[in-house]
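The values are calculated or read from the model by the stated rules, or taken from the named source; none is laboratory data. In this text, all values refer to a predicted model and were calculated from it rather than measured experimentally. For neighbour counting, all protein chains shown are included, and Cβ atoms are generated from backbone atoms with ideal geometry for every residue, glycine included.
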Amino acid sequence: MATAAGITKTITKTVATLAIENVMSRSDFIRGAVSLLWLFGVGTVGRAEQAADENAPSPNVVFIFADDLGYGDLGCYGASKVQTPNIDRLAKQGRMFSDAHSASAVCTPSRYALLTGEYPFRAHGGKGIWGPAPVTSGLLIDPDQQTIADVFKDSGYATAALGKWHLGFGEGKNDWQEPLRPGPQDLGFDYYFGLPVVNSAPPYVFVENDRVVDGDPNDPLVYLGRGRHKDATPITPIPPEASQRTANMFKGAVRAHQRYNDYTVGTVLAEKAVDWITANKQQPFFLYMATTHIHHPFTPGKRFQGTSDAALYGDFIQELDWMVGEVTGCLEEHGLSDNTLVIFTSDNGGMLNLGGRNAVRAGHRINGDLLGFKFGAWEGGHRIPFIARWPGKIPAGTKSHQLLCNVDMLATFKALTGQGSGDASESDSINMLPALLGEPTAALREELVLAAHKPSHLAIRKGKWMYIGARGSGGFGGSKPQHHAWGGPPAAAFVGSVNSDLKNGKLKPGAPPAQLYDLENDMYQTQNVYNQYPAVVKQMQQLLQTYRPQNVPPEQRNRNRPQNRNKQ
Ligand SMILES: [Ca+2]
């Protein structure tokens, strides 16, 4: 719990910041101060109504992190070409958020934000994490850094991470020598099972804790380097319509590769989740379940193929929904539903790869009517579904328009486990528990920094305003429809999006140098109002500048490697 001194320090610092930056109006300041009071539970509504009941047993938490699932990919968010009854039920029994975001539009930095509560552009001394971790990446999170798993571990929870990891293994670099340490078990997870990188990149094996599953010392996993290799171990055949998957870059570990089948990964992960919950039901538990769904390649199990009206893309969503049903069914079966907070969300927006294009052609809107896609700074890249269910604590069937980000989970889980929300002014993570449990009228989060793949497109939200520091999306640059990474203006035109900077699928030559949107009146970003509101543009630029790491040369800001860590 925050101390009075801490609150005073926070408010004093806020006032000083306001005076220096002169960014907010007086009414903004009052709203900000009210928000701070909310954060510390000393507002006009008592803390008892906002915080978890301290007498109740510690709630279990199941955090399901889908991959590349867009704002329009679920029935409860408006999809009609796919059926998602289990996820829709979570929404019906809990609360849906309309303005939730991933801190980055890219897998790896989004996961970094979720686990650490730190903006990924700040990571590694300001160099930032901007892109997907490569196959040989070392662990991108310093084991000394607090993670959401540590938060639960410190409260006596059993903790597990299942599924896609994509945050690297090992110190500095990963040459895939076992044990794969440091890894998830050094970040607060008791147990890990899943895909070490991503379903579109090798190695195509499972890892359990720090070992390759079905590994064989006489037939070790050997990294061959980038590119195609004749002696690479064979992997599951998939058809071209499943979308892109990188060729294997490993030899050896034949048995481990045979254990991994693209078409059964969903079933395996669902079974693992059920088994782990069942084995740990006697104590409070935290399960981080990071699905491969619905990242390319689209490989739904046979029984899901052809079940949706949105091609393989939709079938993969429906398998994801089944997986969610397995987990919620397990909670129900063991009488755990009432004491378990289930959160379902996605690591970034939907992608217009081959699978996505086939879904769009079938009439599916992967990011709803939002502009843009995964990797980009436009809303489609990072505004994501977010559903929270906790029967008896979260009012059923409700919606929240609070601005929320996955970077907020650290502070939220600290508050949930009675560890207080810390000094919010020193952290990127804000306690959103009041928005989960109640309906605060003031915004808990005033500002949010959002990262595209390109550092040039770092963007900032403040209230209704969204400022993007450059032209275009800053995401995928594929220029032709047949490109796997098709993106930007032509891709936006393909799905029928309209934007004042774009014409015939191209950026207009006279488009402003950066972008400003009024999301309250123009959520779909049809009008760049950069030229109409120069004072707001200037304020947003100044505000964004205050978040940027100042001491790192530009050429070092886009490296996806941990710096040499000083443990002292
Ligand atoms: Ca992703």
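Here is how the numbers come out for the structure above:
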| item | result |
| --- | --- |
| Residues of segment 272-315 that turn out to be assigned to a helix (DSSP H, G or I) and either in contact (Cβ under 8 Å) with a residue 40 or more places away in the chain or in contact with a helix residue (DSSP H, G or I) (Cβ under 6 Å, 6 or more places away or on another chain) (or both), as a count | 12 |
| Residue in segment 463-481 that is within 18 Å of GLY349 (Cβ to Cβ), surrounded by fewer than 16 Cβ atoms within 10 Å (Cβ to Cβ), not charged (D, E, K, R) and not assigned by TED's automatic domain parsing to the domain that holds ARG365 present | yes |
| Every pair of residues 6+ apart whose Cβ atoms lie under 8 Å, when the first sits in segment 431-458 and is over 29 Å from ASP338 (Cβ atoms) and of a type in the set (Lys, Arg) while the second is modelled with pLDDT of 95 or more and surrounded by fewer than 22 Cβ atoms within 10 Å (Cβ to Cβ) | LYS454/ALA470 |
| Total residues in segment 113-129, condition outside any helix (DSSP H, G or I) and either surrounded by 24 or more Cβ atoms within 10 Å (Cβ to Cβ) or of a type in the set (Lys, Arg) (or both) | 6 |
| Residue, nearest to the ligand (Cβ to nearest atom), within segment 336-359, restricted to residues that are over 23 Å from ASN406 (Cβ atoms) and crowded, with 22+ Cβ neighbours inside 10 Å | GLY355 |
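For every residue, the table says whether it meets (1) within 16 Å of the ligand (Cβ to nearest atom); (2) free of Cβ contacts under 8 Å to residues at least 24 places away in the same chain; (3) touching a helix residue (DSSP H, G or I) at 6+ places or on another chain (Cβ under 9 Å); (4) within 18 Å of TRP378 (Cα to Cα).
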| position | (1), (2), (3), (4) |
| --- | --- |
| PHE65 | yes, no, yes, no |
| GLY70 | yes, no, yes, yes |
| LYS81 | no, no, yes, no |
| ILE87 | no, no, yes, no |
| LYS92 | no, no, yes, no |
| HIS101 | yes, no, yes, yes |
| ALA105 | yes, no, yes, yes |
| THR108 | yes, no, yes, no |
| LEU114 | yes, no, yes, no |
